[in-house]
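Some notes on the structure that comes next.
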Amino acid sequence: MVFKKEAADKTQMSKEFTKAALAYTSYNKFADELARKLLSIVEQKDPSLLKNRENSPTYPYPSKEHPLEKVGASLSIFRSYVTEEPYHNNLLVAETQCNKLAAIHRQAQAKAQEFLTELIGFKNKEFRRYTEEINNLERLRDDMDKIKNELMQCHTTVDVEKNADLYRNAVTDFEAQAAKVFSLMDELPTIKKRHWAEINKYFEFLEKFCHDMAFEGNPMK
């Protein structure tokens, strides 16, 4: 039983259904926020800028727009005025390292989202489908309650029989849709496992990224 009749004009969902629906909705908010924060580690931007990714800054950085590339360009200009060694060569080394680090970071920016495909897509895939089915359920519940109220106001046997048949059909449709929504909510534990597997891979990717940045940034390597 996924609903209970509390009043003549309103049907309430069961506590079990309501609890599962709240868990699903809460996880969508959590997953969206987590994805933004994880991506911001590599993108190195304020997570609030990534709320609407369609309007977020371009990733990876455009050519010559990476902060380290700009530093490298500044060092190159400065180096043109420094001819004395070892300063000239040291500036060249620093410039080269800046460009290498920028290249590593740009590559990581381009690949970061590949490791969180399902986590990022949850909002626009599973949760969107869930929302559509919940809306259908709400519509069927409204129809069912309307027929129920009409049935309670019938005064003739003919009207009672007619509306009773309509109500039985409405209840059947409502129960079938509620079961469909329940089946979607039951998939949440499996979805979470897939997301955590992705996150684990993402941290392996971050480990390599940090190692590469540290190695290339070490002038004594």
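Only the coordinates and a few stated rules stand behind these numbers; no lab work does. This is a predicted model, so every value here is computed, not measured. Cβ sites come from the backbone with ideal geometry, for glycine too, and all protein chains shown count toward neighbours.
Taking only the C-alpha atoms of the chain, the Rg (one decimal) and the largest Cα-Cα distance, Dmax (whole number), read 29.1, 107 Å. The fewest-to-most ranking of Phe205, Phe78, Phe115 by surrounding Cβ atoms within 10 Å reads Phe78, Phe205, Phe115. Applying a threshold of 20 Å to the alpha-carbon distances of Lys111/Lys208; Lys125/Lys193; Lys123/Lys193; Lys10/Lys123; Lys64/Lys100 flags Lys10/Lys123 as lying beyond it. Percentage of Cα-Cα pair distances in the range 117-180 greater than 15 Å, rounded to whole percent? Looking at the range 117-180, the distances longer than 15 Å represent 59 percent of pairs. Summing charges over all other residues whose Cβ lies under 10 Å from the Cβ of Glu118, with Lys and Arg as +1 and Asp and Glu as -1, gives 0. For the chain, relative contact order (Cα pairs under 8 Å, six or more residues apart, normalised by length) works out to 26 percent. Of all aspartates and glutamates in the structure, those lying under 19 Å Cα to Cα from Lys146, and not within fewer than 8 positions of it along the same chain, are Glu6, Asp9, Glu138, Asp159, Glu161, Asp165, Asp173, Glu175. Here Leu22, Leu91 are placed in order of increasing Cβ neighbour count within 10 Å, fewest first, which gives Leu22, Leu91.
Only alpha carbons enter this Debye calculation for the range 78-127, each as an equal point scatterer, and the log10 of I(q)/I(0) it gives at q = 0.20, 0.26 Å⁻¹ is -0.74, -0.89.
The dipole here belongs to the chain: it is taken about the Cα centre, uses +1 on the Cβ of Lys and Arg and -1 on the Cβ of Asp and Glu, and is about 280 debye. From most to least packed by mean Cβ count within 10 Å, the peptides 176-189, 94-107 give 94-107, 176-189.
Summed over all non-identical Cα pairs, the Kirkwood treatment of the range 103-221 gives a radius of 18.8 Å.
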